[in-house]
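Bear in mind these aren't lab numbers, they're just calculated from the coordinates by the rules spelled out. Please read all numbers here as calculations on a predicted model, not as lab measurements. Note that we place each Cβ from the backbone using ideal geometry, even for glycine, and neighbour counts take in every protein chain shown.
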Amino acid sequence: MHDEKINYARKQFREWLTFLNVNKKYSVLLVAFFMTLALNTTMTFTMTTINTGWSAGFFQRFLNGGVLGFIVAFPTSILVIPLARSLVSKSAEL
């Protein structure tokens with residue numbers, strides 16, 4: 001059942017890449033971009049809310065933190081995603 005879901009997700013992702021007309025070799029960058037965008041937005045919103053609350057200038061602080069966070073997180077994710085895939089595939093073989 002789990003393998004069927006994974007295969008379905010891979011098929012859907014390939015169809016989406018074909019729709020976008022994205023070369024397969026750039027798929028790591030695309031995954032890194034969307035993963036970074038989602039995680040960075042969530043974390044920046046959460047931390048800005050916790051640290052400053054809904055005060056004046058909230059959205060300006062949120063955007064400033066989000067841009068800075070994305071600049072740091074995107075290159076990091078480009079390096080970490082292939083490493084994580086490698087570690088997971090090696091541990092799955094054990």
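Work out the P(r) tail for the chain: percent of alpha carbon pairs separated by more than 18 Å, whole number. Let's see the in-between values first.
Details: 2694 of 4371 pairs.
So the pairs more than 18 Å apart make up 62 percent of the total in the chain.
Evaluate E = 1/(1 + (r/R0)^6) for M43 and A9, where r is the Cβ-Cβ distance and R0 equals 25 Å; express this FRET efficiency to the nearest 0.05. Present the calculation step by step, with values, prior to reporting the outcome.
Working: r = 24 Å, r/R0 = 0.96.
Rounded to the nearest 0.05, the efficiency is 0.55.
Can you give the angle from 0 to 90° between the axis of helix 58-93 and the longest principal axis of the chain, with both taken from C-alpha atoms, to the nearest 10?
Taking the Cα atoms of the chain, the angle to 58-93 is about 20 degrees.
Once the Cα atoms of helix 2-20 and of the chain are each reduced to a long axis, what angle between those two axes, in degrees from 0 to 90 to the nearest 10, is obtained?
In the chain, helix 2-20 runs at an angle near 70 degrees to the longest axis.
Any idea what the dipole of the chain comes to, in debye rounded to 20, about its Cα centre with Lys/Arg Cβ at +1 and Asp/Glu Cβ at -1?
200
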